[in-house]
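Worksheet: one structure, shown below.
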Amino acid sequence: MKVGILGGTFDPIHIGHLIAASSVYEALNLDSIVFIPAGDPWQKRDRELSSGRDRFEMVKLATSDDDRFEASDIEISRSGPTYAIDTVREWKRLNPSDELYWIVGSDALSGIPSWHEWEAFVSEVTVVAVNRIGQTASVPFDVVSVEMPEVRISATELRDRFTNKLDTKYLVPQKVSEYISDQGLYQA
Ligand code: ATP
Ligand code: MG
């Protein structure tokens with residue numbers, strides 16, 4: 001199976017993530033895309049994160065009605081800092097015949113050389129970059145580029161919108177917006 005993995009904090013998941021996954025699925029003829037919320041994104045410790053459960057729940061709600069997509073709690077179930085290499089090794093142990101395509105936005109691409117055991121990581125997966133605001137930096141490993149309709153939104157901007165009760169329609173799936181308001185996430 002050719003499996004795409006989209007990791008992230010997903011706080012919250014938004015259409016940028018979904019359009020990225022959909023574009024890569026089609027361009028690379030993948031069998032599925034797995035969305036994996038990070039348990040403890042150690043490079044993002046500067047702000048209070050929603051719980052792993054809430055972020056996973058939102059990812060499930062956003063992906064459950066699309067057969068191409070699935071949600072995995074593999075990272076939020078693991079304790080300690082989240083390293084992509086651990087996820088890759090665990091995935092391959094459970095599914096040894098899978099070929100993995102690790103999807104990142106062009107902003108995250110340049111950060112990969114700061115990841116734990118990044119050289120092992122890039123040797124185990126095909127790194128796929130989708131365009132996001134700005135130029136794609138050059139990196140010391142092979143990258144497959146996939147074009148997607150550029151979506152100039154971020155979870156950071158959406159958290160602000162929820163906090164300030166601004167419109168988020170069409171930017172976040174309806175079920176996710178409902179979950180956010182039911183659970184009272186992103187209140188000031
Ligand atoms: P935050 O603002 O909290 O960093 P984010 O919108 O960047 O949130 P993440 O969960 O950090 O979302 O992103 C997970 C992955 O999805 C990263 O590889 C990121 O580059 C990619 N991504 C996020 N938003 C977009 C977008 N609008 N277009 C393309 N890729 C995106
Ligand atoms: Mg980000």
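The values are calculated or read from the model by the stated rules, or taken from the named source; none is laboratory data. Given the structure is predicted, the values throughout are model-derived calculations rather than measurements. Backbone-built Cβ (ideal geometry, glycine too); neighbour counts: all protein chains shown. SASA here: full protein model, heavy atoms, side chains in, ligands and nucleic acids out. Shrake-Rupley method; radii C 1.70, N 1.55, O 1.52, S 1.80 Å.
Considering only residues of region 24-53 that are away from ligand 2 (no atom under 16 Å from the Cβ) and surrounded by fewer than 19 Cβ atoms within 10 Å (Cβ to Cβ), which is farthest from VAL3 (Cα to Cα)?
Of everything passing the filter in region 24-53, SER51 is farthest from VAL3 (Cα to Cα).
Give GLN187, GLN183 a once-over and let me know the one that is surrounded by 12 or more Cβ atoms within 10 Å (Cβ to Cβ), over 25 Å from SER22 (Cβ atoms) and among the polar types (S, T, N, Q).
Unique residue meeting the criteria: GLN183.
Pick from region 33-44 the residues that are out of contact with any Phe, Trp or Tyr (no Cβ under 6 Å at 6 or more places or on another chain) and at pLDDT 95 or above: which of them is farthest from ligand 1 (Cβ to nearest atom)?
The qualifying residue farthest from ligand 1 (Cβ to nearest atom) is VAL34.
Taking region 145-188, which residues are acidic (Asp, Glu) and under 30 Å from SER110 (Cβ atoms)?
GLU147, GLU150, GLU157, ASP160
So which residues in region 109-122 are outside any loop (DSSP other than H, G, I, E, B) and either touching a residue at least 40 places away in the same chain (Cβ under 8 Å) or among the aromatic types (Phe, Trp, Tyr) (or both), if there are any at all?
Residues satisfying the conditions are SER114, TRP118, PHE121.
Pick from region 62-108 the residues that are among the basic types (Lys, Arg) and not in a helix (DSSP H, G or I): which of them is surrounded by the fewest Cβ atoms within 10 Å (Cβ to Cβ)?
ARG68
Name every residue in region 8-48 that is out of contact with any helix residue (DSSP H, G or I) (no Cβ under 9 Å at 6 or more places or on another chain), among the hydroxyl-bearing types (Ser, Thr, Tyr) and closer than 25 Å to THR168 by Cα, in order of residue number.
Correct list: SER22, SER23.
Out of all the residues in region 128-143, is one or more open to solvent by 80 Å² or more (accessible area, probe 1.4 Å) and assigned to a helix (DSSP H, G or I)?
no
Does LYS175 count as closer than 15 Å to LEU18 by Cβ, open to solvent by 40 Å² or more (accessible area, probe 1.4 Å) and either more than 16 Å from ligand 1 (Cβ to nearest atom) or not in a loop (DSSP other than H, G, I, E, B) (or both)?
Yes, satisfied.
Between a first residue in region 1-24 that is within 18 Å of THR156 (Cβ to Cβ) and at pLDDT below 95 and a second residue that is open to solvent by 10 Å² or more (accessible area, probe 1.4 Å) and β-branched (Val, Ile, Thr), which pairs have beta carbons less than 8 Å apart while being 6 or more apart in sequence or on different chains?
The qualifying pairs do not exist here.
Can you tell me how many residues in region 1-32 are within 13 Å of ligand 1 (Cβ to nearest atom), more than 18 Å from PHE121 (Cα to Cα) and among the hydrophobic types (A, V, I, L, M, F, W, C)?
Number of matching residues: 8.
From the residues in region 153-170 that are within 11 Å of ligand 1 (Cβ to nearest atom) and open to solvent by 40 Å² or more (accessible area, probe 1.4 Å), which one is farthest from ILE85 (Cα to Cα)?
In this case the residue turns out to be ASP160.
I need the full set of residues from region 105-152 which are more than 8 Å from ligand 1 (Cβ to nearest atom) and charged (D, E, K, R), in order please.
GLU117, GLU119, GLU124, ASP142, GLU147
Inspect region 80-87 for any residue being within 21 Å of THR9 (Cβ to Cβ), away from ligand 2 (no atom under 16 Å from the Cβ), at pLDDT below 95 and of a type outside the set (D, E, K, R) and give the result as yes or no.
Yes, because at least one residue in region 80-87 is within 21 Å of THR9 (Cβ to Cβ), away from ligand 2 (no atom under 16 Å from the Cβ), at pLDDT below 95 and of a type outside the set (D, E, K, R).
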